[in-house]
Amino acid sequence: MKYKFADIKKAYIEIAAFLESSCGVKVTSLENKIAEDLELWGDENFFILNEYCEKYKVDFRKFNYSEHFDSEADSVGIRYAFIIIIFFPFYILNGLYKTFFPKCKTSVFDYILPMIEEKKDLTFGDLITSKLKGEFCLRETTKIELLK
C-alpha cells in the first residue's frame, strides 16, 4: 500500500482523537492496545469498533471479534470464576516455586495450570492501517510505503 505522508498523518491524528475522546486515555504509541492499554473492555470496545467502522467507512466483515476480544459475558463468565476458584492454589504454589527456585525457567505447575485462550487485541496502529486500506487488516501483516 502506497500513501502520501499527509494521508498517514491525517489518519493518525483522526484515530488518536477518536480513541482519546472515546476512552479518556491518551494514545501514546502505535502499539497501544485497545483493551489492555486504553481500557476498552467487553461491550465498550464492541461499540467503539462499530462507531469507528461507521465513521471512517471501514469494512470489518473479515474481522473475527472473538479472536481479538472477550465479550462482556466472557469477561465475567462462570468459566473464569470456576477456573480462578479451582486453580488458585496452583497459581500460589507456582509463584512460590519460582520465588524459591528462580533459576528454573518452568515448573510442574506451568503444565497443570489451565491454558486460557489469549486474545490478540487490536492496536492503535491496526486501526490506522485499516482506515487507510478501507478494510480490516493488521499493521504487522501490511506493508505501507510512502509515495514519492
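Laid out as a table, the results:
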read-out	value
Within region 1-64, chymotrypsin sites (Phe, Trp or Tyr not before Pro) in DSSP loop having at most 13 other beta-carbon neighbours inside 10 Å	none
Accessible area expressed per residue, region 8-48, with surrounding protein chains retained (probe 1.4 Å, Å²)	57
At most 14 other Cβ within 10 Å, DSSP loop - trypsin sites (Lys or Arg not before Pro), region 1-68	Lys4, Lys26, Lys57, Arg61, Lys62
Net lengthening on full extension, Phe47/Glu14 (0.36 nm per residue, minus Cα-Cα)	10.1 nm
Accessible heavy-atom area order of Val25, Val58, highest first, probe of 1.4 Å	Val25, Val58
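The values are calculated or read from the model by the stated rules, or taken from the named source; none is laboratory data. Keep in mind that what you see is a predicted model, and the values were worked out from it rather than measured. Quick reminder, even Gly has a Cβ in these numbers, built from the backbone with ideal geometry, and neighbours come from all protein chains shown. Protein only, heavy atoms only, side chains kept; ligands, DNA and RNA dropped before computing areas. Shrake-Rupley method; radii C 1.70, N 1.55, O 1.52, S 1.80 Å.
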